[in-house]
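Heads up: the structure comes next, in structure tokens.
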Amino acid sequence: MEKWALITGGTKGIGKAVAECLAGAGYNVVLTYASDTAGAERTAQGLQQSYGVKADVLQADVSVKESIDRIGDYLDANGIRLRAVVLNAGLTCREPFEQLQLADWERVFFANVHFPVFLLQRIVERIERGGSVVFTGSLMGIEPHSVSLVYGVTKSAVHALVKNLVKFLVPYEVRVNAVAPGFVDTEWQKTKPAEIRQNIERKVSLGRFCEPSELAEVYKMLIENSYLNGEVIVVDGGYSYK
Ligand SMILES: NC(=O)c1ccc[n+]([C@@H]2O[C@H](COP(=O)([O-])OP(=O)(O)OC[C@H]3O[C@@H](n4cnc5c(N)ncnc54)[C@H](OP(=O)(O)O)[C@@H]3O)[C@@H](O)[C@H]2O)c1
């Protein structure tokens, strides 16, 4: 029987690494992205060629409400039933507290919290019994974030969602967990100034950023282990504020 996984923000960074890891285990994937269609198609072709799986890409910006139906309609139209849903795409806002606008706060909250909740509500019947949902949380949802107030608070909400959703997903026989990454070497981090990157490396016990592929294995474990439920797995290489 075919295994399908949906990964939001699945064409680059952490989501792409999870897609590669799952494709290597025989999963077909539906990957959503925001705007880089050429990049998304390259990722899909790479997965098809390397692993011989089906890889569909779908433009679906998580800051836009209509993307919920766009994803739901796509799954319905193609009769796709999901073994795994990875709710990974997320936004941040680095405006200083004094300049933070209500619209910025709402945009990040919508993308990181509201969107995955209502996407899940829309597609929950499409998840196979015994399947699972994995959110991308963040270490910054556990340790206070020194730069982005709204990012840290929304990722805390994601962690709380995981715990709270467990009971609501029982009738569907679907498990739900999260990965809380520390600092992962994706474009998100690579665009930071060298001085800030070195400061981060000094605080990580392993002295380096996490490779997306190292993180992806944890998502796969959460998807495939049949008894993990309601967990937030921190993968931070031993981070300390000292
Ligand atoms: N990197 C880290 O250190 C780190 C640490 C903790 C948590 N996280 C979390 O991990 C998740 C992924 O981060 P990443 O570092 O892998 O980011 P990334 O490399 O910037 O990932 C980009 C992927 O997400 C898509 N994307 C970006 N904005 C989107 C939007 N508004 N709607 C739909 N898709 C969107 C991109 O599509 P396009 O190519 O079309 O833009 C692309 O597929 C986020 O939730 C982030 O908060 C990251």
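What follows is calculated from the coordinates using simple rules that are stated; it is not laboratory data. On a predicted model such as this, the values are computed, not experimentally measured, just so you know. In this analysis, Cβ positions are derived from the backbone assuming ideal geometry, glycine residues included, and neighbour counts consider all displayed protein chains.
Scoring 199-209, 5-15 by mean Cβ neighbours within 10 Å over their residues and listing the highest first yields 5-15, 199-209. Across all Cα pairs in the range 163-242, the calculated P(r) in 10 Å bins from zero up to the longest distance comes to 17, 39, 26, 15, 3 percent per bin. Taken over the chain, the convex hull of the Cα atoms encloses 126 Å³ per residue. By the equivalent-ellipsoid construction on the alpha carbon gyration tensor, the range 90-215 comes out with semi-axes of 29, 19, 11 Å, ordered largest to smallest.
Among GLU214, GLU98, GLU187, the largest mean-square fluctuation in a Gaussian network model of the chain (Cα springs under 10 Å) belongs to GLU98.
Over the chain, with a Gaussian network built from C-alpha contacts below 10 Å, which listed residue (PHE118, PHE183, PHE109) shows the highest mean-square fluctuation? Highest fluctuation among the options: PHE118. Using a Gaussian network model of the chain in which every pair of alpha carbons under 10 angstrom is joined by a spring, one finds that among SER226, SER67, SER213 the greatest mean-square fluctuation is at SER226.
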